[in-house]
Amino acid sequence: MLAALAGEARARPPFWLMRQAGRYLPEYRELRAKAGSFLDLCYNPDFAVEVTLQPLRRYGMDAAILFSDILVVPHALGQPLAYLEGEGPKLDPIRNVAELSRLSKDRFHQTLAPVYETLRRLTTAIPDQTTLIGFAGAPWTIACYMVEGGGSKEYAHVKRWAYGDPEGFARLIDLLVEVTADYLCAQIEAGAETVQLFDSWAGVLPIGPFRRWVIEPTRRIVALVKARHPNTPIIGFPRGAGHAYEDYVADSGVDAVGLDTTVSPLWAARNLQTRLPVQGNLDPIMLAAGGKALAAATDEILEAFANRPFIFNLGHGVIQTTPPEHVADLARQLRRWPERG
Ligand SMILES: Cc1c2[nH]c(c1CCC(=O)O)Cc1[nH]c(c(CCC(=O)O)c1C)Cc1[nH]c(c(CCC(=O)O)c1C)Cc1[nH]c(c(C)c1CCC(=O)O)C2
């Protein structure tokens, strides 16, 4: 995977899957029940290491992604967070500049110390040739959850703040740029060999605000991390960016880009710089569906990206109802390539 990130086209592309650890695996559900809450799982290095290793044992991915969540960052800034069964994450929303005073950097690294410990242990727990991936949410996406107080359909609160009081909203984004760069550096110092910035809600913004709240904060984080760790590749994943993918890769400074499910592989192969490593972009529902359609969709992606640096992945995370056998089928097909399944 590091060779692909350095710009090498591999005959057999490396692969890993976003959300490769999680509820579709029975061994995850078992450990999750033992841990109690999801946050207990994230902040307990014994559990987090074990959960990170579970998919590798079954499928031998080329990379291990740290088991944690993007929302530990607002949590470490002091914003109360809970994961409610069947409802997803809930935070006490922050809706204006005055409410920013509820956040504090004082206990940030202390709260996240178990995450760094998990990475340190993973450096020796994973096979030598397996790449260790760290991650964080990008400021826009983290702000979406912090302001809405959880997931949302419209992202109306966060957009109204960003559009109506850009100077005030910039204070939240600036704080997130600073702590996220610091967090990624600490992950690299603990052993992460590459880091991915998840911007899951990049696609809800029109182009002007997209430049200001997606590209610009990402560019600043990349510059801050590169100043301390110039050789660690950074993968950007601006999900739903559409045509703005071109601007994102041209202006953010990321070393590689994750493509979501809606991006045509042929469009990407034609329109993104040929030396730029790309990652993606099988529809997670295709993986859940399985069978011939899965095999054909996989071949199509592999063919489109055959002669460029490429990392096979999904276009978004593995969904809970995915049969584990389908992941085994996919791994077998990827390992055989360029021989057809
Ligand atoms: C938006 C986002 C979140 N978290 C994440 C994102 C960005 C990627 C994306 O767009 O999906 C990123 C994430 N979340 C998780 C990882 C672990 C590493 C991996 O295997 O990829 C990573 C990289 C574990 C998780 N994060 C979460 C779970 C499920 C928790 C459980 O066991 O109940 C896991 C395994 C919880 C979570 N965390 C989040 C939501 C919306 C939810 C609830 C949805 C759900 O329950 O599936 C926030």
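Bear in mind these aren't lab numbers, they're just calculated from the coordinates by the rules spelled out. Given the structure is predicted, the values throughout are model-derived calculations rather than measurements. Don't worry about glycine lacking a Cβ; one is built from the backbone with ideal geometry, like all the others, and counts go over all protein chains shown.
Data table
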| quantity | calculated |
| --- | --- |
| Set Leu71, Leu84: member being free of Cβ contacts under 8 Å to residues at least 24 places away in the same chain, farther than 19 Å from Glu193 by Cβ, within 10 Å of the ligand (Cβ to nearest atom) and not hydroxyl-bearing (Ser, Thr, Tyr) | Leu84 |
| Candidate set from the range 255-289 (those that are out of contact with any helix residue (DSSP H, G or I) (no Cβ under 8 Å at 6 or more places or on another chain) and under 18 Å from Arg239 (Cβ atoms)); member that is surrounded by the most Cβ atoms within 10 Å (Cβ to Cβ) | Gln279 |
| Breaking point among (1) surrounded by fewer than 21 Cβ atoms within 10 Å (Cβ to Cβ); (2) under 30 Å from Ala331 (Cα atoms), for Asp106 | (2) |
| In the range 5-39, residue nearest to Phe237 (Cα to Cα) [restricted to those that are touching a Ser or Thr at 6+ places or on another chain (Cβ under 7 Å) and among the hydrophobic types (A, V, I, L, M, F, W, C)] | Leu5 |
| Per-region count, the range 87-105, residues among the small types (Gly, Ala, Ser) and either in contact with an Asp or Glu (Cβ under 9 Å, 6 or more places away or on another chain) or near the ligand (Cβ under 8 Å from one of its atoms) (or both) | 1 |
| Enumeration of residues in the range 118-130 that are within 16 Å of the ligand (Cβ to nearest atom) and either among the charged types (D, E, K, R) or more than 24 Å from Leu71 (Cβ to Cβ) (or both) | Arg121, Ala125, Ile126, Thr130 |
| Candidates Pro93, Pro89, Pro114, filtered to the one that is within 20 Å of the chain's Cα centre (by Cα) and under 20 Å from Tyr155 (Cα atoms) | Pro89 |
| Among residues of the range 298-327, those that are among the hydrophobic types (A, V, I, L, M, F, W, C), over 18 Å from Arg239 (Cβ atoms) and within 22 Å of the chain's Cα centre (by Cα), counted | 4 |
| Pair list, Cβ < 8 Å and 6+ apart or interchain, from the range 26-39 residues that are over 17 Å from Glu87 (Cα atoms) to residues that are more than 10 Å from the ligand (Cβ to nearest atom) | Pro26/Pro324; Leu31/Phe47; Leu31/Glu50; Lys34/Phe47; Ala35/Asn44; Ala35/Phe47 |
